[in-house]
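Heads up, the thing below is written out as structure tokens.
The values are calculated or read from the model by the stated rules, or taken from the named source; none is laboratory data. All of these numbers come straight from a predicted model, not from anything done at the bench. A quick note on method: Cβ atoms are made from the backbone with ideal geometry, for glycine too, and the neighbour counts reach across all protein chains shown. Only protein heavy atoms, including side chains, enter the accessible area calculation; ligands, DNA and RNA are left aside. Shrake-Rupley method; radii C 1.70, N 1.55, O 1.52, S 1.80 Å.
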Amino acid sequence: MKRSVIVSILTVVLIQLVLAPASFPHGQGARAAAQNKQTLNLAGEGITIIRDGFGVPHIFAKSARGAYHGSGYAVAQDRLYQMERFRRDGRGELAEIEGGGALQRDVQTRVLGYTESEFQAIFDSLADDIKQGYQAYADGVNACIKETVSQNRLPEAFKEVGISEPAQWRVTDSIAIGVMMASRYGSVGGFEATNTRVLKALKVRFGEAEANKLFNDIYYFNDQTSPTTIPANDKVVKTSKQKNEVKSRLLVDDLPDESLRRVAYVAQQQAIQDYASRHNLPTKWGSFCWAIGPGRSASGNPILVGNPQMGFSTPQIAHEIHYSTGELNVAGMGFAGIPGVIIGHNDYVAWSMTSGISDMVDLFAEKLNPENRDQYFYKGAYRDVEKRAEVFKIKGEKPARITVARTIHGPLTDWDARPIDKSTIAYSYAASFAGHEFKTFEAIWGFNRAKTLDEFAKLAEIIYTNHNFLAAAVNGDIGYWHCGRVPMRALGHDPRLPIPGTGEFDWLGLLPFSKMPQIINPKQGYLISWNNKPAEWWDNGDFPVWGPVFHMPRIEQLIKPHSLMDFEQVRDITQDIATHDTYAEALKPFLITALGKLGATHADKRILQAGNYLRAWNNHSVNGSVAKAIFDAWFKAVREVIFNDEFSDLKTISLIYGVPNLFDQLIGASMLYRVLSGAKSSLPLSHNYLNGKSRDEAIIEGLIKALNELTSKRGPQMNLWTYSQGDIDLKPLPGIPETIRGTYIHAVELSHPLFRSESVLPPGQNENPLSPHYSDQREMAGYWRYKQLVYKCDQLEIASCPEK
């Protein structure tokens, strides 16, 4: 970045910090009065763009075509360079402007992704009204590009990467972004290569019989005590369960370690995730939301709160927008490059979403022809691999070329690496949503117009990627849908390991939507989703994502005791769970019990002092908490004490395979909870992990180890062992306190005649450091303050309303 640009950014940041108010109005007081007005002309139709006090564009037009044209223009004004990066992110073309460091992430994108002709085919398959809307949006973007270039106002970031004029926006750019976003936040699975390596390591150390027990302990299918969105007492359609046992394991011992490592790297999209996390691109899946029905609302109106967790950056991954036409009135969060509102509300329905994390991806181990390794064996005969050449332009370097290959099951993950190990096995990445990722955005297009939850449910049915949607309607209904098309896997093979690709174990189809977990108006009067298990009968896939320790119950603790809640109470749950320590809630009672039995007589008197801190702690992770620092150190140490003998290899595998924190993921709070629960565990363990110690002895041993570690690093004075919360990185801006929070927060009460709707999107709407809306929501977010989300013209200055 040029020095002059850095100076400009820092100057603006300093001005904004100096001028920032000491406090902020809450909610309805933070009115977003109109600040400026712009009019466009589209074939004789006037399009009005009004920007409110936070820079959010409100698009008023007579036709949907006019509204989408205006939105493309307005979003390009705010986020043109972000749009450029997003379309390159979706197409695998970032190395062209960002250099060789982006090459591997581009390679993974194209290996697992689509060609221009395939993107075009997706667009061509859309309904006419969607195609017209996307084309109008592209035309609006291009109108802004033309104007920006002609007036020499192109963002400096373009010049820094060598772009003097952005290419015209194509509808397939929007398709590429939609495919990327849907799969990035709605796709989990493909852990089979890593799982195989774990099983092989266990077999080497413990022999096959004991290895199978250990493998089943950590890769369990279903713990029915794991918190669920759908209450157990509500009657819904149930899907048959898998047995929690090891089934037939073909090929495991024949799968080369080096090949497994490469496959795991691609299947987990590690290059994509690593690069994205370092370079302000979409990285995380997560999110939490909840809704209460009218019977629990003080006003008698349903209330919905959404917190999509998509990582943090400057500019933010999302923006806000409002569309108003004769037949469409919708406001909320969008993605730059895609028309419409992703999360928000119209005049009838409000909705939010979380990642579903059901297993949607399998790896098929393809048997190659030893005489012609461009062929694979399938259903009794060899078939030719489908191949295409891909060329990657790299800034400052020569182009790179690879061959991308596919089988009937999907793209081959490590095709160009075959000469390295002469393997006769290649791995296909089979996604149940392949070719249908954009269906998510077709459904969202309909959500923008839905008037009832019945309409909403019919639209949810077309979604292939895995997302949880919560919605509330103005008539009082609340609903939940675990969306996506989950594979119906063949019996006779362990689904946690690669599937033989020879045809015997192909999928039997995709689970019908009617069999997916879903409910409208539960008896309890509220719904909660935090990436938790949808229903007690719903299984883990190839990775144990759902266990007895999960964060969702804290939200229920804050809702269930209240017969009635007002808007602020429902909204401000967000602030409580931001610092609540779920692990401490579940595990600290075991620690307190052990302290009560063994602490008073123990020679190490630090134990009593640590116990006092832990007993006084309210289980919230706030700056300066001594108890939080002690608990975190104990949690790490006690797992080493209990599990290191059996699972230390997980740390090595994690390093070699590039799978972050594999030990922490598999040997986490749920596994520890099951061991400490002993015979009371809902899912008994097959191995004695305490190695002859009592539960309390292991707990205290872990505590002493933690106290020794803290003393060594931070000195003997325990009251100085304070927890540091840290900051959320919003560079080049100052950060805000590091807490569990949504990238975007939206709360809406579906009231008559006007909804109460509030939101915050740090750091701001505009990517331009010189804009007043570059960071005007950063400090608001830090103080948990919200602004009004305008969705009616009358909420703006009356003189600005086009119909006035």
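Residues of segment 168-219 that are in a loop (DSSP other than H, G, I, E, B) and more than 17 Å from M360 (Cα to Cα): Q168, W169, R170. Here T413 fulfils each of the conditions (1) in contact with a helix residue (DSSP H, G or I) (Cβ under 8 Å, 6 or more places away or on another chain); (2) free of Cβ contacts under 8 Å to residues at least 40 places away in the same chain; (3) farther than 20 Å from I175 by Cβ; (4) of a type outside the set (D, E) apart from (2). Considering A331, A276, the condition of being among the small types (G, A, S), open to solvent by less than 10 Å² (accessible area, probe 1.4 Å) and outside any strand (DSSP E or B) is satisfied by A276 alone. Of the residues in segment 76-98, none is open to solvent by less than 10 Å² (accessible area, probe 1.4 Å), of a type outside the set (V, I, T), in a strand (DSSP E or B) and closer than 18 Å to G337 by Cβ. One residue alone among P282, P302 is closer than 30 Å to G66 by Cβ and not acidic (D, E), and that residue is P282. Exactly one residue out of F335, F392 is over 22 Å from the mean Cα position of the chain (by Cα) and either more than 30 Å from I163 (Cα to Cα) or of a type outside the set (S, T, Y) (or both), and it is F392. When segment 291-310 is filtered for residues that are open to solvent by 10 Å² or more (accessible area, probe 1.4 Å) and either at positive phi or among the β-branched types (V, I, T) (or both), only G300 remains.
Please go through segment 494-510 and pick out each residue that is surrounded by fewer than 18 Cβ atoms within 10 Å (Cβ to Cβ) and either assigned to a loop (DSSP other than H, G, I, E, B) or on the phi > 0 side of the Ramachandran plot (or both). Within segment 494-510, G503, E504, W507, L508, G509 qualify.
If you go through segment 375-405 and keep only what is farther than 18 Å from A95 by Cβ, open to solvent by less than 100 Å² (accessible area, probe 1.4 Å) and either part of a loop (DSSP other than H, G, I, E, B) or in contact with a Gly (Cβ under 7 Å, 6 or more places away or on another chain) (or both), you end up with Y376, Y378, G380, V385. When segment 452-477 is filtered for residues that are more than 17 Å from L750 (Cα to Cα) and assigned to a loop (DSSP other than H, G, I, E, B), the ones remaining, listed by number, are E461, I462, I463, Y464, T465, N466. Whenever a residue of segment 462-478 is among the polar types (S, T, N, Q), its partners that are in a strand (DSSP E or B), lying with C-beta atoms within less than 6 angstrom and at least six residues away or across chains, give the pairs N466/M360; N468/T354; N468/H482; N468/S529. Of the residues making up segment 123-136, those that are assigned to a helix (DSSP H, G or I) and free of Cβ contacts under 8 Å to residues at least 40 places away in the same chain are D124, D128, Q135. Can you pull out every residue in segment 105-122 that is in a helix (DSSP H, G or I), crowded, with 18+ Cβ neighbours inside 10 Å and of a type outside the set (V, I, T)? Answer for segment 105-122, where residues must be in a helix (DSSP H, G or I), crowded, with 18+ Cβ neighbours inside 10 Å and of a type outside the set (V, I, T): R105, D106, Q108, R110, L112, F119.
Of all residues in segment 119-135, those that are under 11 Å from V171 (Cα atoms) and among the charged types (D, E, K, R) total 2.
Determine, yes or no, whether S240 is modelled with pLDDT of 90 or more, more than 30 Å from F60 (Cβ to Cβ) and hydroxyl-bearing (S, T, Y). Here the answer is no, as S240 does not meet what is asked. When restricted to residues that are modelled with pLDDT under 95 and either of a type in the set (D, E) or open to solvent by less than 10 Å² (accessible area, probe 1.4 Å) (or both), segment 752-790 contains 1.
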